[in-house]
1. Any idea of the accessible area per residue across the chain, 1.4 Å probe, to the nearest Å²?
2. List residues of region 251-266, by number, whose backbone nitrogen lies under 14 Å from a label position 7 Å along Cα→C-beta of HIS87.
3. For region 72-194, what ratio Rg/Rh do Cα atoms give with a Kirkwood hydrodynamic radius?
4. Across every pair of different alpha-carbon atoms, what Kirkwood hydrodynamic radius in Å does region 220-268 reach?
5. Under the rule of at least 5 residues apart or a separate chain, name every residue whose amide H is placed under 5 Å from the amide H of ILE219.
6. Mind ordering 158-164, 54-60 by average Cβ neighbours within 10 Å, highest first?
7. Straight-line reach from LYS158: which aspartates and glutamates have a Cα under 14 Å away, not including same-chain ones fewer than 8 places off?
8. Once the convex hull of the alpha carbons of region 141-264 is built, what does its volume come to per residue, in cubic angstrom?
Amino acid sequence: MGFKKSRKIILMLMVFVLGISLSAAALTGREIMEKADERETGDTQHALMGMDLIDKKGEVSPRTIEVWAKEYGDPADDLNKMVMVFHEPASVKNTRFLQIENKDRDDDQWIYLPALQRVRRISSSQGGDSFMGSDFTYDDMESRKIDDFTYKLLKEEKLTKYECYVVEAIPKDPEEEQYQKTISWISKEHYIPLKVEMYDKDSGKLIKLMTVEEKIEKINGIWTVFSTTMEDLESGHKTQLYIKQNKGNYLLEYNKEISDRRFTQQFLKNGK
């Protein structure tokens, strides 16, 4: 759903406008990405979501997941933790994933696989692996530190109905990142990434594309994106991640109390 400084799925879907006044002429690529990075998304988020795996023939394999996210620690550090639980279909039911963002090192990631009945830590060597058969990798879901990249404002152009800044991000340490570079279309109105191109580390080819649907509305005063698609341009496979509805109401809430016990390996093991 990218989208806060992490490309974590829940934060990719829950985005908020930042009320800082800077003249358009004064903005650099880094300043634009800082504004996108710093936008408020609520202290907590809770959503019931669909994850559709779509093959190149258009055949869909739907999944249902529930996601909780919460800020923690010193507010100045802007750290988050997130847990996902797969509810459907039966083949992935009760699979659980936990990610905890760290200040000065890589995020911690664990997954509980019911078939194995154990919690497994995701190692850095697995960062490029597919997350649950989707077109998101474990690295796609990790947080990204602003200082780890250099930025360049390439141009300004309209994408669908939104005026955008187009910003290139290149990692300072290429060995630490899975892409050679990314190019993001950031809406001037919301500072939301509406499109992100991802380029292969070795060939430099465009290999993946992330887009959000045009609909951007406020829920509880927070600008929200309701659907995100990640496409593998080489295989033609896509993953659509979206917030589910019940009787026309989106199953998403912000700033509701969430127990810290939910963000533990114990919760991964037993769901409690």
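1. Ligands and nucleic acids excluded, the figure is 47 Å² per residue.
2. 251-253, by backbone N distance to the label point.
3. My calculation of the ratio gives 1.03.
4. 14.2 Å
5. THR224
6. By packing density, highest mean first, the sequence is 158-164, 54-60.
7. GLU189, GLU214
8. Normalising the Cα hull of region 141-264 by residue number yields 169 Å³.
The values are calculated or read from the model by the stated rules, or taken from the named source; none is laboratory data. Remember, predicted model here, so these are calculated numbers, not experimental data. As a convention, Cβ positions derive from the backbone with ideal geometry for all residues, glycine included, and neighbour counts pool all protein chains shown. Areas reflect the complete protein model, heavy atoms only, side chains present, ligands, DNA and RNA absent. Shrake-Rupley method; radii C 1.70, N 1.55, O 1.52, S 1.80 Å.
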